[in-house]
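Structure, as structure tokens:
Rule-based calculations on the coordinates, nothing more; no lab input. Every value quoted in this text rests on a predicted model; they were computed, and no experiment measured them. Cβ atoms come from the backbone with ideal geometry, glycine included; neighbour counts cover every protein chain shown.
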Amino acid sequence: MNRLGAEQSPYLLQHAANPVDWYPWRTDAFDRARREDKPIFLSIGYSTCHWCHVMEHESFESGEIAAILNRDFVSIKVDREERPDVDRVYMTFVQATTGSGGWPMSVWLTPELKPFYGGTYYPPQSQWGRPGFAEVLAEISRAWRDDRATVLQSAHQITERLADIAGGEGSTRRADDGATPPPFDGVAALSSTVRQFRSSFDSERGGFGDAPKFPRPSELLFLLREHARTSDAAPRDMVLTTLRAMALGGMRDHVGGGFHRYSVDGNWRVPHFEKMLYDQSQLVLAYLEAAQVSGDPFFAQIAEDTLQYVARELTDRGGGFFSAEDADSIPAEAADQPEPRKMEGAFYIWSVGEVRALLGDDAVVFEMRYGLLPEGNAPFDPHAEFTGKNLLYTAQGISAIATTLSRSPEDVAAALTRARVAIFAAQRKRPRPSLDDKILTGWNGLMIAAFARAGRVLGGGVALGQDVGGDPGVRHLETAQRAAAFLKATMWQPDRRVLLRRYRGGDAAIQGYAEDYAFLIFGLLELFQADGDPQWLEWAVSLQRAQDDQFWDAADGGWFSTTGNDPSVLVRMKEEYDGAEPSASGVGAHNLLVLAHLTGEMRYDARAREVFTGFGARLSTHGRTVPMMSAALSFAQAAPEQIIVVGSPSDATTRELWQAAQVPYKPFATTVPVAPGERQQQLAAMMPWLGAMTACGGGAAYICRNFVCEAPVTSAHELVL
């Protein structure tokens, strides 16, 4: 074991037995580099990263390459999911100097931590147009020895440039050319952003652009809000087409539920097989909203299927959610070999022979449904990992299969249900992909939001079309409540008003980043709107105050990613782009608007508008890069509503009113269930306008616009939203 053996990160522990003399990111590594006058080799990745595994096997397990690293460099390994602050600084450098980025990220630094050379994956020897890792190490070692002045000058200039980039060239209020933009027009910005999405929409296959296709749920949430705000059908239709294509394609796990990271092709057929918690959470929200806006239970069923996967495979006994499952696993046929090689997707792919042996007479239906072929069905297989195997995707509808086989649709559906149960049971016996079992606060906040929203929608009027085992709304709400309670008990230090980021093996550590606060607040506000428990709103308010105190950019609006208190992080970045995860500023702006509409305190609304002004140039010209903030801007431009249902949770009228309130798609409404008595009194301390509302003898619903409420209604058919 090297020094990584004492760490908690699953990614660092994967490298603990490497012959490389790894350090984690800490001062003793920096001190050694200065003392021995050596450059630092910084390797950044995460535990479920396929090419990180490849580079480890090819280079970091090599005694020859390890000898070079140990002789000429101080080597540091960083888990990007634990330390996004470190990752963002050096990823910005790599993207700026190479035009692309990704993981594993390989960066060479001076002992003062200034970068001077970087890239991503390097093969051990030159191939595929990439220089070999050993050659790169030799050349960097030579440059450090023989051309030190040039290296140091370059590092200094690059660091200054990083500071400029981090500050948005001094202000996010300026346009890209440095000029002062005209006054911000929110409606025009939203219209421009919708046009950007329309111009890149793949109308035949769904999604935006060509391969590879990444799910970016924040853009789907934005488009649905613009449909709700403007009644334009085009944004809605783009979302429904995309979500349907994703659900029917190979990116979705048709056996165990959940979604893989992305599709490497433009047809959603061939996935990159890792499963990330942040994808599951955001896609659930998108599918739930699609179910509401369309009235189609298909989308609700996909959301339910995904939630069941998370509850089954990614949930800790204490209530928190694990981070990810790997893409790679040991093929079942190789499990008994002395040193079996992991392969991407091995857990999820099937040969026709395996399926026929498992399913008997039901095999023909399964093969037709999921496009299985005797020779395998992968449209391309660059690494020869899918030879003779099949990636499941929805190739034919049930009606078409029934017609071909002269069977009833009900008979075909029953056969598919039996087949899925049998395949699932067989899959459980295979070697499972490795689990990244660290619990990250921010990602858990997003997942709490998904389960809480499902508690309202799936238990409140959107039919699933089948009994999934009790009221799904109750189960999902309880899951969200347990997770929130777990985070409050383990990750929140109320005396210091500090949120921690990572929990694993009983150890909570790493001071949280702006995204941890923003994402958790988002989850708590969704949970409060689902169960009306005052503790969640109280905690959200405390977290918002802490987020503003530690991260707010008073000059330009928005929130920095870090507190700026760690001297080892060269640049205090402000994340603007919404990638696989939304930005803290985008989610934060949304949170402020919800808090304003719940509490009536307009200071929250005013701060949200500071965010929009600060990002005005980006929202106006490149809104597609910030869809979560654009979604919040759509919220700000819409007419807000408050939907309050007052009554005992055990009262039948109250339940009917609450369920009826969840049926329509109302993204600009805040909802609160209010139980009369002590809970209503607690809520009235934060939301004074609730104090006078009564249950009218049973249950009553109040529809309010800008805190002016209509007369209460006491039956579901009177509730017109």
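Below, the figures for the structure above:
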| item | result |
| --- | --- |
| Disulfide-incompatible cysteines by the Cβ rule (no partner under 4.7 Å) in the chain | Cys696 |
| Mean residue ellipticity (222 nm) of the chain, computed from DSSP H runs ≥ 4 via -39,500 (n - 2.57), nearest 500 | -15000 deg cm²/dmol |
| Separation in nanometres of the label points that stand 7 Å from Cα toward Cβ, at Thr98 and Glu333 | 3.5 nm |
| Within-13-Å neighbourhood charge of Leu359 [Cβ basis; K, R +1; D, E -1] | 0 |
| Cα gyration tensor shape for the stretch 663-721, rounded if a/c is under 1.5, else prolate or oblate | oblate |
| The stretch 244-321 shape via C-alpha gyration tensor axes, a/c threshold 1.5 | oblate |
| Pairwise Cα inverse-distance average, inverted: Kirkwood Rh of the stretch 582-644 (Å) | 11.7 Å |
| Ordering of 615-628, 279-292 by packing [mean C-beta count within 10 Å, highest first] | 279-292, 615-628 |
| Estimated FRET transfer efficiency (Ser199, Asp164; beta-carbon r; R0 35 Å; 0.05) | 0.70 |
| Highest to lowest packing among 354-364, 223-233, 251-261, scored as the average C-beta count within 10 Å | 251-261, 223-233, 354-364 |
| Extension gain (nm, one decimal) between Thr27 and Glu112, 0.36 nm per residue minus Cα-Cα | 29.5 nm |
| Taking the stretch 1-59 and dividing mean pair separation by its residue count, relative contact order in percent (alpha carbons under 8 Å, at least six apart) | 30 percent |
| Potential lengthening between Gln681 and Thr387 on full extension [0.36 nm per residue; Cα-Cα distance subtracted] | 99.4 nm |
| Principal axis dimensions, the stretch 622-709 - Cα atoms, whole angstrom, descending | 52, 28, 19 |
| Translational diffusion coefficient (Stokes-Einstein; Kirkwood radius from C-alpha pairs) of the stretch 342-395 at 4 °C, 1.567 mPa s, in µm²/s | 115 µm²/s |
| Among Thr694, Ile76, Phe347 the positive-end extreme of the charge dipole of the chain (Cβ point charges) | Thr694 |
| Cut-off under 5 Å, modelled amide H: who pairs with Met343 long-range | Ser329, Ile330 |
| The chain, dipole about Cα centre (Lys/Arg Cβ +1, Asp/Glu Cβ -1), debye to the nearest 20 | 440 debye |
| Vicinal HN-Hα couplings computed from phi for the stretch 324-333 (Karplus, 6.51 cos²θ - 1.76 cosθ + 1.60; Hz; Gly/Pro x) | 5, 10, 5, 7, 9, 7, 7, x, 4, 6 |
| Check: the stretch 543-594 dipole with +1 on Lys, Arg Cβ and -1 on Asp, Glu Cβ, in debye | 100 debye |
| Equivalent ellipsoid semi-axes, the chain, via Cα gyration tensor eigenvalues times 5, rooted, Å | 41, 35, 23 |
| Under 5 Å, built H, 5+ apart or other chain: amide partners of Tyr23 | Ser75, Ile76, Lys77 |
| Built amide H within the under 5 Å cut-off of Cys709, gap 5+ | none |
| Base-10 log of normalised Debye intensity for the stretch 303-369 (one unit scatterer per alpha-carbon) at q = 0.22, 0.28 Å⁻¹ | -1.01, -1.06 |
